[in-house]
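See below for the structure under consideration.
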Amino acid sequence: MSDTAEVVGAGESDTVSAAVNDVTDNEDLLVREGDIAGDYLERLLDILDYDGDIDLDVEAGRAVVSIDGGDDLDKLVGPRGTVLEALQELTRLAVQQETGTRSRLMLDIAGWRAARREELRELGRSTAESVRDSGESIRLQPMTPFERKIVHDAVATVDGVTSESEGEEPKRRVVVLPE
């Protein structure tokens, strides 16, 4: 019997080691993605002659690249983040071309995403409270998948309401409904 226990124990140890190696390999890939993205964005800033400090991080299983500090950076965000979204996609493509794998990299410029995240959390909470109090559904303006996710998460914190997405991209929106 003890031989069986030792074999099972060894197998579990191998499984844990493999899982740790997978996490380490994934973390290394995400760091590499951040480095590639940072180099790509640094070249872009040089071409545009814009100042900015590039910060690389790994959060929630994705590479996160932030550019802060320059006076011109608001131009790289654009109205409602449209230029930022386009730059994020171009950066993801540059990373994919280098690594051969699809990137889920997140780009933030001049803290715009962080501020937008907080704005959307408040919109989700206040809309959910309004729906709960009135009993009437509310349809919000069309949003990106990033924005909708934040609103859905905020609505989920309020009892008595639920949310769903409706419509087709790019006009997909969150609808908050009473339960």
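The values are calculated or read from the model by the stated rules, or taken from the named source; none is laboratory data. In this text, all values refer to a predicted model and were calculated from it rather than measured experimentally. We place every Cβ from the backbone using ideal geometry, glycine too, and count neighbours over all the protein chains shown. Ligands, DNA and RNA are stripped out before the accessible areas are found, and what is left, the full protein with its side chains, is counted by its heavy atoms. Shrake-Rupley method; radii C 1.70, N 1.55, O 1.52, S 1.80 Å.
When the residues of region 111-124 are narrowed to those that are touching a Ser or Thr at 6+ places or on another chain (Cβ under 9 Å) and surrounded by 17 or more Cβ atoms within 10 Å (Cβ to Cβ), which ends up modelled with the lowest pLDDT? The qualifying residue modelled with the lowest pLDDT is ARG113.
Kindly establish whether THR82 is assigned to a loop (DSSP other than H, G, I, E, B) and open to solvent by less than 90 Å² (accessible area, probe 1.4 Å). Considered against the rule, which asks whether it is assigned to a loop (DSSP other than H, G, I, E, B) and open to solvent by less than 90 Å² (accessible area, probe 1.4 Å), THR82 comes out as no.
When you go through THR127, THR157, THR101, THR162 one by one, which is the residue that is in a helix (DSSP H, G or I) and either farther than 23 Å from ASP68 by Cα or open to solvent by 60 Å² or more (accessible area, probe 1.4 Å) (or both)?
On the way: THR157 fails: in a helix (DSSP H, G or I); THR101 fails: in a helix (DSSP H, G or I); THR162 fails: in a helix (DSSP H, G or I).
After ruling out the rest, the residue left standing is THR127.
Can you confirm whether LEU107 is surrounded by 19 or more Cβ atoms within 10 Å (Cβ to Cβ), part of a strand (DSSP E or B) and in contact (Cβ under 8 Å) with a residue 12 or more places away in the chain? Against the criterion (surrounded by 19 or more Cβ atoms within 10 Å (Cβ to Cβ), part of a strand (DSSP E or B) and in contact (Cβ under 8 Å) with a residue 12 or more places away in the chain), LEU107 qualifies.
Could we say that GLU136 is free of Cβ contacts under 8 Å to residues at least 24 places away in the same chain, assigned to a loop (DSSP other than H, G, I, E, B), farther than 30 Å from ASP35 by Cβ and charged (D, E, K, R) here? Working first, answer last.
Details: free of Cβ contacts under 8 Å to residues at least 24 places away in the same chain: no; assigned to a loop (DSSP other than H, G, I, E, B): yes; farther than 30 Å from ASP35 by Cβ: yes; charged (D, E, K, R): yes.
Considered against the rule, which asks whether it is free of Cβ contacts under 8 Å to residues at least 24 places away in the same chain, assigned to a loop (DSSP other than H, G, I, E, B), farther than 30 Å from ASP35 by Cβ and charged (D, E, K, R), GLU136 comes out as no.
A search for C-beta distances below 6 Å between a residue of region 63-90 that is more than 17 Å from ALA115 (Cβ to Cβ) and any residue that is of a type in the set (D, E, K, R) and part of a helix (DSSP H, G or I), counting only pairs 6+ apart in sequence or on different chains, returns ALA63/GLU33.
Of everything in region 165-179, what is open to solvent by 30 Å² or more (accessible area, probe 1.4 Å) and either among the aromatic types (Phe, Trp, Tyr) or part of a strand (DSSP E or B) (or both)? Give them in sequence order.
Of the residues in region 165-179, the ones open to solvent by 30 Å² or more (accessible area, probe 1.4 Å) are 165-173, 177-179.
SER165, GLU166, ARG173, LEU177, PRO178 - these are the residues of region 165-179 that are open to solvent by 30 Å² or more (accessible area, probe 1.4 Å) and either among the aromatic types (Phe, Trp, Tyr) or part of a strand (DSSP E or B) (or both).
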